[in-house]
Amino acid sequence: MKICGDRECKSCGTRWSYYDSGSVACPECGSVHSVGVDDPTEHTDSPVELDLTPLRNKVDEVTTDELAREAAEACRAYTRKRGFIDTGRLKPLDETFVAAVELGAVAAAFARRARPSDAAELYVLDLLGGADRGERPGHEAVPDAFRAAFGLAMADAVDSYQRDVRSYLDDNPDEHARRLSGRIRDHRKRIEALDGDVDPADANRLMHAARDLGRYINGDENAAVTADNWLSGLDGDVL
């Protein structure tokens, strides 16, 4: 959405940046009656951080089931507030966001299982150990129990990014980027139609294609080639 980044409180006259606070409420008096004092700019991101340290500190105190439920909730709260357009600039599809989406999906799947395997438990704990730093196991380590959850997580992360890519391209047209975006959309829909039950390598390719599309839009011409390469590895799987 397009918003005015610089705000002025009607009650006390305080000025502040919405981009810094993420709120239209005055930081001085709390009034929600404010006006923009600059031109509206596309902006979808919010100043939010993912900190899983409190959960990691509880590893020896609670069951992994409980940790998984809390981790899924924390990741959902984080990803709901995230966006990828910052004051009119398209941001990358960063690893912290991708890891948060994956941990949210995998942890929820773990919590639903009656008797999860040791491999499934270790995978959840590995994700919990580094997701807020953008660290996650490679796709080749995904246990069979989480194959579908992983596939849907990558599709979800790509969908979230693509929504902002499309919005950005509305204001900054690029036909080649739109064609790549359309191919990404088609493969994402395929994964969703299969309920995520695809080879984790394919889901990983789709995420990298979306990331390289963002790099291309931001000026890296070579990234268009790598995005195309990622998608070419998927083209034979289209239904």
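Residue count for region 81-117 satisfying the condition of being modelled with pLDDT of 95 or more and in a helix (DSSP H, G or I): 16. Restricting attention to region 196-216, the residues being surrounded by fewer than 22 Cβ atoms within 10 Å (Cβ to Cβ) and over 14 Å from Met154 (Cβ atoms) number 2. Checking Ala157, Ala148 one by one, the residue that is modelled with pLDDT of 95 or more, open to solvent by 30 Å² or more (accessible area, probe 1.4 Å) and among the small types (Gly, Ala, Ser) is Ala148 and no other.
When Arg56, Arg80 are checked against the criterion of being surrounded by fewer than 17 Cβ atoms within 10 Å (Cβ to Cβ) and in contact with a Leu (Cβ under 9 Å, 6 or more places away or on another chain), Arg56 stands alone in meeting it.
When region 160-188 is limited to residues that are open to solvent by 60 Å² or more (accessible area, probe 1.4 Å), of a type in the set (Asp, Glu) and farther than 16 Å from Ser232 by Cβ, the one that is farthest from the chain's Cα centre (by Cα) turns out to be Glu175. Taking residues in region 200-228 that are on the phi > 0 side of the Ramachandran plot, and partners anywhere that are open to solvent by 10 Å² or more (accessible area, probe 1.4 Å), not one pair has Cβ atoms closer than 9 Å while being at least 6 places apart or on different chains. If the condition is being over 15 Å from Glu70 (Cβ atoms) and part of a helix (DSSP H, G or I), then region 130-143 contributes Gly130, Arg133, His139, Glu140, Ala141.
Matching residues to (1) of a type in the set (Phe, Trp, Tyr); (2) free of Cβ contacts under 8 Å to residues at least 12 places away in the same chain:
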residue	(1), (2)
Glu61	no, yes
Glu70	no, no
Glu140	no, no
Gly151	no, no
Tyr161	yes, no
Leu169	no, no
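Using the structure shown, decide if Gly196 is outside any helix (DSSP H, G or I), at pLDDT 95 or above and within 15 Å of Lys91 (Cα to Cα). So Gly196 fails the test.
The values are calculated or read from the model by the stated rules, or taken from the named source; none is laboratory data. Given the structure is predicted, the values throughout are model-derived calculations rather than measurements. FYI the Cβ positions are ideal-geometry reconstructions off the backbone, even for glycines, and counts take in every protein chain you see. These area figures cover heavy atoms from the full protein model, side chains too; ligands, DNA and RNA do not enter into them. Shrake-Rupley method; radii C 1.70, N 1.55, O 1.52, S 1.80 Å.
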